[in-house]
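Here's the structure we're looking at; comments come further down.
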Amino acid sequence: MDDFGLHEGINEAVFALTRQGRVQAVSAMVGGRAWEEGARALRILDPRRVEVGLHLDLTECPLQPALRTPLGRLIARAYLRRLDAADLRTEIRAQLDAFERAMGRAPAYVDGHQHVHQLPVVRTLLLQELARRYPAGGLWLRATHSPQGAAHADARTGFKSHVIAFLGARALSALARRQGLRQNARLLGVYDFTGGAQQYRARLGRWLRAARDGDLLMCHVGLPAQAPDVLARARQDEFAVIAAPDFETLLQGTRVRLRPMGQMLCQQLLF
């Protein structure tokens, strides 16, 4: 579940789904208005059942407000190598510090809000910091490799999934392999945040039917909150579908078992 800490409605939705056993990973935005309060409840969850990771954020609420950059501009500056490496390194370290301070432990994994962790310059500095801070490894890194064919509901969402992967999936995976960091296989759950709950359920069914061992299903759940949120309607639709009683029926029908990614990746290393 992405964007934990951004506002109270997201936190509330994540905890509600956790009580139902439908959350295996929570990606935390440490600069969000609801992070500090949410982290106090998050840290008491069993880390063997619910992994908590850092959702590296440079576009919404970074800890250095001057670094906040709209995604399109950030992508352009990253590919033109015009990002300030010193400021970016400071921000990455500050977000990891904030996570460790609130949770009392290292993140189980790292990913990026709007997938910024895979962009040029960002990915290099991030992996350098992970190597410095966690020399024994032990965490995993989100990969954005796109699935093919039936996993996509339409050409538009398929195109978005491939664009996300194009922006850095291969380069990030190459760096991760070199550093001995594990990754998920493919990223499911990419769409344009339109269509309502009924269409989201149909999309979810396609993703689950297309899922293979090691794939990651990205979700953005939320409940109503006072904070402005352009994804508010989509978050509530996602929550309604995943919290519904027939979600278990959907899992059984697609023969999918949800498990923490770290456990699956560790098991793969044993064979």
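The values are calculated or read from the model by the stated rules, or taken from the named source; none is laboratory data. Fair warning: this is a prediction, and the values are worked out from it, not measured in the lab. Cβ placement follows ideal geometry from the backbone for every residue including glycine, while neighbour counts extend to all protein chains displayed. In case anyone asks, the SASA skips ligands and DNA or RNA and just uses the protein heavy atoms, side chains included. Shrake-Rupley method; radii C 1.70, N 1.55, O 1.52, S 1.80 Å.
Structure summary
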{"item": "Total residues in the stretch 171-196, condition open to solvent by 30 Å² or more (accessible area, probe 1.4 Å), among the basic types (K, R) and touching a residue at least 12 places away in the same chain (Cβ under 8 Å)", "result": "1"}
{"item": "Looking only at the stretch 71-103, and only at residues there that are among the β-branched types (V, I, T) and within 16 Å of L119 (Cα to Cα), the one that is surrounded by the most Cβ atoms within 10 Å (Cβ to Cβ)", "result": "I92"}
{"item": "Verdict on G214 being open to solvent by 20 Å² or more (accessible area, probe 1.4 Å), at positive phi and touching a residue at least 40 places away in the same chain (Cβ under 8 Å)", "result": "no"}
{"item": "Some residue of the stretch 241-250 being buried (at least 20 other Cβ atoms within 10 Å of the Cβ), modelled with pLDDT of 95 or more, farther than 30 Å from Q128 by Cβ and hydrophobic (A, V, I, L, M, F, W, C)", "result": "yes"}
{"item": "Options L67, L83, L71; residue that is modelled with pLDDT of 95 or more and within 25 Å of C219 (Cα to Cα)", "result": "L71"}
{"item": "Scan of the stretch 193-223 for residues that are over 21 Å from the mean Cα position of the chain (by Cα) and part of a loop (DSSP other than H, G, I, E, B), ordered by number", "result": "G195"}
{"item": "Pick from the stretch 1-39, criterion within 23 Å of Q64 (Cα to Cα) and of a type in the set (G, A, S), ranking: nearest to the chain's Cα centre (by Cα)", "result": "S27"}
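To keep it simple, each residue is scored yes or no on (1) assigned to a strand (DSSP E or B); (2) of a type in the set (D, E, K, R).
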residue: S27; (1), (2): yes, no
residue: E36; (1), (2): no, yes
residue: L45; (1), (2): no, no
residue: L58; (1), (2): no, no
residue: I75; (1), (2): no, no
